[in-house]
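The values are calculated or read from the model by the stated rules, or taken from the named source; none is laboratory data. Predicted model only: the values in this text are computed from it and were never measured. Reconstructed Cβ throughout: ideal geometry from the backbone, glycine too, with neighbour counts over all protein chains shown.
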Amino acid sequence: MVPFGRLYLFEMEEAKRAGLEAVKAALAVGHQRAEMNALGGFCHIYTQLGDWDASLDHAERAMVLCHGLGARAWEPVWLLWQSLAENGLGRRAEAHKLLTEAAEITAESANAFNTGRVYGAWALVTDDPSERKKMLKAGEAVLKKGTVSHNHFWFYQFAMKSTLETGEWDRVDGYAQELEDYTHSEPLPLTDCCIRWGRALAAHGRGDRSDENHKAIERLRNQALEIGLEPALAIIEDALADG
């Protein structure tokens, strides 16, 4: 679990090292469940960094372990990370297919462990506007009902990116506020960055070309460059190029 904690602190190199140590230790004693979880840490890390090939490799290895353990309730996790990697590599049809399967298994097992982030990712990879709205609404409902924290962290990140792409600036702000409300007592560098990213880009989308907002976007770019957040950086650079 150490790689996950390091990730939320945006300590990426430390997260990678901890993940490697965990995998080595798990292999040394044949603890496949621990190895699978450590591989999940790498999927989280490489998704934030935009290293889609590495994320896909780790998710596929984790799925092999998952099948070997008979842990069907965990399959949606690996389908989710495979889907995001496929989407990052430009294979949206495959990404959509994988998330459809993930949602079916999640519903079958009534597993609230993954549902929120699966719906958020589905909204991100679909090209169907009605389906996107349906998935966002379903994800919001899951979070209101109560679920594991990582669903909040990832759903809102996916939802903000999805609604930025469709120019729904008020919804972006709404998701940023929901994430801030959820994390206000224990703020994290990763979620704080998501909140600032969503708000600054939504303001830019509305036409805010003030020095204040421009500087906010520049600060986000500097942070993304320092940490290596390639997917976020691409969107930030587009905004800066637009004035």
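Restricting attention to the stretch 97-116, the residues being part of a helix (DSSP H, G or I) and at pLDDT 85 or above number 12. Taking residues in the stretch 199-223 that are modelled with pLDDT of 95 or more, and partners anywhere that are crowded, with 20+ Cβ neighbours inside 10 Å and among the aromatic types (Phe, Trp, Tyr), the pairs with Cβ atoms closer than 7 Å and at least 6 places apart or on different chains are 202/169; 205/169; 206/169; 220/197.
Output yes when any residue across the stretch 41-49 is touching an Asp or Glu at 6+ places or on another chain (Cβ under 8 Å) and over 16 Å from residue 114 (Cα atoms), and no when none is. Reasoning before the result, please.
Taking the stretch 41-49 first, the residues touching an Asp or Glu at 6+ places or on another chain (Cβ under 8 Å) are 49.
The next check asks that each one be over 16 Å from residue 114 (Cα atoms); those that pass are 49.
Checking the stretch 41-49: at least one residue is touching an Asp or Glu at 6+ places or on another chain (Cβ under 8 Å) and over 16 Å from residue 114 (Cα atoms).
Please specify each residue of the stretch 186-223 satisfying the condition of being hydrophobic (A, V, I, L, M, F, W, C) and over 15 Å from the mean Cα position of the chain (by Cα). If the condition is that a residue be hydrophobic (A, V, I, L, M, F, W, C) and over 15 Å from the mean Cα position of the chain (by Cα), then 200, 201, 202, 203, 216, 217, 220 are the ones that fit. The residues listed here are 59, 25; of these, the one that is over 23 Å from residue 125 (Cα atoms) and part of a helix (DSSP H, G or I) is 25. Within the stretch 41-70, residues that are touching a residue at least 40 places away in the same chain (Cβ under 8 Å) and surrounded by fewer than 24 Cβ atoms within 10 Å (Cβ to Cβ) reach partners that are charged (D, E, K, R) and assigned to a helix (DSSP H, G or I) with beta carbons closer than 6 Å, at six or more positions or on different chains, in the pairs 50/230.
On the basis of being among the small types (Gly, Ala, Ser), touching a residue at least 24 places away in the same chain (Cβ under 8 Å) and surrounded by 24 or more Cβ atoms within 10 Å (Cβ to Cβ), does residue 103 make the cut? Outline the logic, then answer.
On the way: among the small types (Gly, Ala, Ser): yes; touching a residue at least 24 places away in the same chain (Cβ under 8 Å): yes; surrounded by 24 or more Cβ atoms within 10 Å (Cβ to Cβ): no.
Taking the combined requirement at face value, the residue does not satisfy it.
Of 121, 138, 159, all but one fail to be over 24 Å from residue 5 (Cβ atoms), touching a helix residue (DSSP H, G or I) at 6+ places or on another chain (Cβ under 9 Å), in a helix (DSSP H, G or I) and of a type in the set (Gly, Ala, Ser); the exception is 138. Hey, can you tell me all the residues within the stretch 1-29 that are among the hydrophobic types (A, V, I, L, M, F, W, C) and surrounded by 15 or more Cβ atoms within 10 Å (Cβ to Cβ)? Result: 2, 4, 7, 10, 12, 15, 18, 22, 23, 26.
Only one residue in 130, 83 is under 21 Å from residue 171 (Cβ atoms), in a helix (DSSP H, G or I) and of a type in the set (Ser, Thr, Tyr). Which one? Sole residue among the options that is under 21 Å from residue 171 (Cβ atoms), in a helix (DSSP H, G or I) and of a type in the set (Ser, Thr, Tyr): 130.
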